[in-house]
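*Asks:* One structure follows; several queries about it will come next.
The values are calculated or read from the model by the stated rules, or taken from the named source; none is laboratory data. Here the structure is a predicted model, which is why all the values come from computation and not from measurement. Methodologically, a virtual Cβ is constructed for each residue, glycine included, from the backbone with ideal geometry; neighbour enumeration extends over all protein chains shown.
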Amino acid sequence: MAEKVSAAEYAERETKLGLLPMRTDQRLWGMTDVLWVAGATGIATWAFLQGYYTAGYNTMPQALASLFGGIMVFILLVAMVAVPATKYGIDSWIVFRSSIGFNGVYPLLILAMASGFGWHAVNTQIYGLAWTNLLSTAGWEGVSSSPWIGKAIAITCPLFALMIAAKGPKAVGIATRIMCSLLIVLGILMAVIVLARGGLSDVWNSAPLWGEAPSRTNYMISVEWQVAFAVSWAPAIGQLTRVAKKELHGFWGLYWGYGFVMAAYIVIGVIVAYAAASMGAEVTSDPTQYLYTVGGPWAGTLSLMIVIIANISTTAVSIWCLSLSVKLVWPSWPYMRVALGCTGYIVALVLWGGLIENFGSFLAIVGATNGTLLALIIADYYVVRRRRLDIAGLYDRHGSYKFTGGFNLPGIVAYALGFGAYLLVYDPIAAVPRAEGLFNVFTATGFGALVTAGAYILFAHVPGVRGYVLKDRGLAR
């Protein structure tokens, strides 16, 4: 029997865990809170996997340049898109209705979420690997005899995370402070061990792990991975910043959390990968193995335990954020039903088990999907609409953003052109450039983003199209 709630109870629930605008006096987070949550999710243990891939093609100086250059520049796009979510107290995907159309957000939301949840499957797989290695070192050799044992252990991560996510933003905030503290301890521990062993010079002078000589193309492939990593946060940012008290709190909290903190932590991942290689360890896509090698029995065991605890909290943040965004597709569904469905999708990806092995292709798909989307939103909100939206129209299927059957055709065409431009210069499946000249200047994600933004701004200045796009002029604020 369906639960009966009053109109006031329904409004309170959907404001806290749903789609209704959140008033300023209802918001919980200042800049430090946003930074903690963004930084905590950004420095999850997938950063060690990203560090391994970065070290694969680069020397240490190149790795630093690609990380801080690629991430710190493109995270600006993510932070800029978060501003209207804070201004209006709504999910970013509701804001996106102005640029894609009321119905246009649905297919792009599904596409972005389908790829975005891949990060959390990666995180869950690393959680399972940490457990497997920890139990193996404790003497239970049978745990590694079948991959299905590791997968069965791994799926407990999103299940535990769901319990935290069910409690809402306050519980998520507490969990992220615990998780972020543990991961900072892990990062400092690994850095101190490398320094104590005098291995910093070896790290600085290391050749690329995969044996190829440094080249501009290999360096730009690494930059493309950092850019894709940065823009991958697009599906979740609105739920973080809609609870921020001020626009600048959301902007700078995301920028420093998803930007500097995340890049710095991936640097630790790069250092650990180089250090493990210099110690004669086999460095693979399983970071838990060489964390143990670098740390030794005691510090290595502690690092695996930190990975296990922190990955549960990371996944909890992600389930909370992304489930609330997915509610756009099924707004009548209770939050917990959507969260259960998202958790089930993570479990399915883990049982498949192919994401870590195809990490480069996964990053390419994320970059192609999200980079062009972010460019479209920025062009629409900042350039075409001059930072003004019709808030009522964002919730009205027949309002200012109805366009053509709910689809903003110039926005959809601009997105498609950017996606096509991405494919023109980069093969996302093989994860190799197609047009090295363009790729080595812009990266694939950057080129696709420029084409999308340029096309949309051009369309919006055509007289007949401009009236079509700007039907909200008398209503926007």
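*Asks:* List the residue pairs whose Cβ atoms are under 9 Å apart, where the first residue sits in segment 386-407 and is closer than 15 Å to residue 100 by Cβ and surrounded by fewer than 20 Cβ atoms within 10 Å (Cβ to Cβ), the second is among the aromatic types (Phe, Trp, Tyr) and at pLDDT 90 or above, and the two are 6 or more positions apart or on different chains.
*Replies:* Cβ pairs passing all conditions: 397/102; 399/102; 402/102; 404/468; 406/102; 407/102.
*Asks:* Right, next: What are the pairs with Cβ atoms under 6 angstrom where one residue, in segment 316-334, is over 15 Å from residue 157 (Cβ atoms) and the other, located anywhere, is assigned to a helix (DSSP H, G or I) and aromatic (Phe, Trp, Tyr)? Sequence gap at least six, or different chains.
*Replies:* Partner pairs satisfying both residue conditions: 325/93; 328/93; 329/106.
*Asks:* Which numbered condition in (1) of a type in the set (Val, Ile, Thr); (2) surrounded by fewer than 20 Cβ atoms within 10 Å (Cβ to Cβ); (3) without any contact (Cβ under 8 Å) to a residue 24 or more places away in the chain is the only one that residue 347 fails?
*Replies:* Just one mismatch for residue 347, condition (3).
*Asks:* Let me spell it out: the conditions are (1) surrounded by 20 or more Cβ atoms within 10 Å (Cβ to Cβ); (2) in contact (Cβ under 8 Å) with a residue 24 or more places away in the chain; (3) closer than 30 Å to residue 152 by Cα, and residue 338 meets all of them except one. Which number is the exception?
*Replies:* Evaluating residue 338 over (1) surrounded by 20 or more Cβ atoms within 10 Å (Cβ to Cβ); (2) in contact (Cβ under 8 Å) with a residue 24 or more places away in the chain; (3) closer than 30 Å to residue 152 by Cα leaves (2) as the failure.
*Asks:* Please work out which residue is surrounded by the most Cβ atoms within 10 Å (Cβ to Cβ), limiting yourself to segment 18-76 and to residues that are among the aromatic types (Phe, Trp, Tyr) and outside any strand (DSSP E or B).
*Replies:* Residues of segment 18-76 that are among the aromatic types (Phe, Trp, Tyr), as a first pass: 29, 36, 46, 48, 52-53, 57, 68, 74.
So of that shortlist, the ones also outside any strand (DSSP E or B) come out as 36, 46, 48, 52-53, 57, 68, 74.
On the way: 36: 21, 46: 24, 48: 28, 52: 25, 53: 24, 57: 23, 68: 17, 74: 25.
Here the residue is 48.
*Asks:* If the Cβ limit is 6 Å and pairs must be 6+ apart or interchain, which residue in segment 241-252 that is of a type in the set (Asp, Glu) pairs with which residue that is in a helix (DSSP H, G or I) and surrounded by 24 or more Cβ atoms within 10 Å (Cβ to Cβ)?
*Replies:* 247/86
*Asks:* Separate question: Looking at (1) free of Cβ contacts under 8 Å to residues at least 60 places away in the same chain; (2) surrounded by 16 or more Cβ atoms within 10 Å (Cβ to Cβ); (3) part of a loop (DSSP other than H, G, I, E, B); (4) of a type outside the set (A, V, I, L, M), which is the only condition residue 419 fails?
*Replies:* (3)
*Asks:* From (1) at pLDDT 80 or above; (2) closer than 30 Å to residue 291 by Cβ; (3) of a type in the set (Phe, Trp, Tyr), pick out the condition that doesn't hold for residue 46.
*Replies:* It is condition (1) that residue 46 fails.
*Asks:* Report every pair of residues separated by at least 6 positions or lying on different chains whose Cβ atoms are under 7 Å apart, first residue within segment 165-190 and on the phi > 0 side of the Ramachandran plot, second of a type outside the set (Phe, Trp, Tyr).
*Replies:* 168/16; 168/17
*Asks:* Let me ask something else. When you go through 110, 94 one by one, which is the residue that is surrounded by fewer than 24 Cβ atoms within 10 Å (Cβ to Cβ) and among the hydrophobic types (A, V, I, L, M, F, W, C)?
*Replies:* None of the other options fit; the residue is 110.
*Asks:* Hey, among 459, 439, which residue is buried (at least 16 other Cβ atoms within 10 Å of the Cβ), free of Cβ contacts under 8 Å to residues at least 60 places away in the same chain and in a helix (DSSP H, G or I)?
*Replies:* 459
*Asks:* Here's another thing I want to ask about it. In segment 220-242, is there at least one residue being more than 26 Å from residue 425 (Cβ to Cβ), among the aliphatic types (A, V, I, L, M) and either modelled with pLDDT of 80 or more or in contact with a His (Cβ under 6 Å, 6 or more places away or on another chain) (or both)?
*Replies:* No, segment 220-242 contains no residue that is more than 26 Å from residue 425 (Cβ to Cβ), among the aliphatic types (A, V, I, L, M) and either modelled with pLDDT of 80 or more or in contact with a His (Cβ under 6 Å, 6 or more places away or on another chain) (or both).
*Asks:* Turning to a different aspect of this structure: Please enumerate the residues belonging to segment 198-210 that are modelled with pLDDT under 80 and either farther than 15 Å from residue 281 by Cα or part of a helix (DSSP H, G or I) (or both).
*Replies:* If the condition is that a residue be modelled with pLDDT under 80 and either farther than 15 Å from residue 281 by Cα or part of a helix (DSSP H, G or I) (or both), then 198, 200 are the ones that fit.
*Asks:* Right, here's the next one. Which count do you get for residues in segment 366-416 that are among the hydroxyl-bearing types (Ser, Thr, Tyr) and assigned to a loop (DSSP other than H, G, I, E, B)?
*Replies:* Here the count works out to 2.
*Asks:* Right, something else. Please specify each residue of segment 327-360 satisfying the condition of being of a type in the set (A, V, I, L, M) and either under 18 Å from residue 286 (Cα atoms) or modelled with pLDDT under 80 (or both).
*Replies:* Selection gives 328, 329, 349, 350, 351, 355, 356.
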